[in-house]
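Right, one structure below, let's go through it.
The values are calculated or read from the model by the stated rules, or taken from the named source; none is laboratory data. Quick caveat, the model's predicted, so the values are computed rather than measured. Note: ideal-geometry Cβ built from the backbone for every residue, glycine included; neighbour counts use all protein chains shown. With ligands, DNA and RNA removed, areas are computed over all heavy atoms of the protein, side chains included. Shrake-Rupley method; radii C 1.70, N 1.55, O 1.52, S 1.80 Å.
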Amino acid sequence: QVQLVESGGGLVQAGGSLRLSCAASGSIFSINAMGWYRQAPGKQRELVAAIGSGYSTNYADSVKGRFTISRENAKKMVYLQMNSLKPEDTAVYYCAAARTMLLVTTSPTSWGQGTQVTVSS
């Protein structure tokens with residue numbers, strides 16, 4: 001079992017920045033890839049960004065150039081730096097993990113509880 005706990009969400013004005021953090025615990029030896037998803041009201045959950053064990057990254061087109069995913073293996077943490085935020089970035093953001101990059105981008109095996117990000121115009 002892998003436990004993921006997100007933090008760092010909140011309310012920010014358009015153009016502002018937020019940094020989300022995700023702490024992993026439990027059977028982390030089974031994790032090689034981690035990612036961030038988001039779900040806005042009335043919409044499907046979507047992949048925002050993912051990072052593999054070799055630090056390869058994958059971003060949704062809508063966040064490229066604005067968001068940066070990173071990880072600190074020693075601290076068992078993954079981060080999402082969000083800059084130039086837009087109202088359409090408003091959503092609940094979820095941390096996700098899986099054994100492979102393919103799995104984390106398609107069908108993660110572990111999920112956090114989510115953290116709300118609200119961007120006001």
Accessible area in square angstrom per residue, the chain, 1.4 angstrom probe:
51
Cross-link reach list, aspartates and glutamates versus LYS86, counting only Cα pairs under 20 Å and skipping chain neighbours closer than eight places
GLU46, ASP61
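Can you tell me the FRET efficiency between LYS75 and SER121 if r is taken as the Cβ-Cβ distance and R0 is 35 Å, rounded to the nearest 0.05? Could you put the intermediate results ahead of the total?
On the way: r = 35 Å, r/R0 = 1.00.
That gives a FRET efficiency of 0.50.
Length gain on complete extension for the stretch ASN83 to SER107, per 0.36 nm per residue less the alpha carbon to alpha carbon distance?
Numbers: separation 24, 0.36 × 24 = 8.64 nm, distance 2.67 nm.
Extra length from ASN83 to SER107 when fully extended: 6.0 nm.
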Per-residue counts of other Cβ atoms within 10 Å, averaged by peptide: what ranking do you get for 54-62, 24-32, highest first?
24-32, 54-62
Taking only the Cα positions of the range 33-90, the convex hull volume per residue in Å³ is 83
Theoretical gain in end-to-end length, GLN3 to LYS64 [0.36 nm per residue, Cα-Cα removed]:
19.2 nm
How large a share of the accessible area of the chain, in percent, is made up of carbon and sulfur atoms when the probe is 1.4 Å and the other protein chains stay in place?
50
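Where nothing but the Cβ of Lys and Arg (+1) and of Asp and Glu (-1) is charged, how large is the charge dipole of the chain around its Cα centre, in debye to the nearest 20?
The calculated dipole for the chain is roughly 120 debye.
Using only alpha-carbon positions, what ratio does the radius of gyration of the chain give when scaled by 2.2 N^0.38 Å?
In units of the 2.2 N^0.38 Å rule of thumb, it is 0.97.
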Starting from the Cα-Cα distance between GLN39 and TYR55, subtract it from 0.36 nm times their residue separation and give me the gain in nm to one decimal.
3.3 nm
What list of ³J(HN,Hα) values in whole Hz, one per residue of the range 18-35 in order, does the Karplus curve 6.51 cos²θ - 1.76 cosθ + 1.60 (θ = phi - 60°) give from phi, with Gly and Pro shown as x?
9, 10, 8, 10, 9, 9, 9, 8, x, 7, 6, 5, 8, 9, 10, 9, 9, x
Only Cα pairs within less than 10 Å get springs; with that Gaussian network setup on the chain, which residue of THR109, THR90, THR68 has the largest fluctuation?
THR109
Amide H within-cut-off set for THR100, under 5 Å, with H built and near neighbours excluded:
ASN32, ALA33
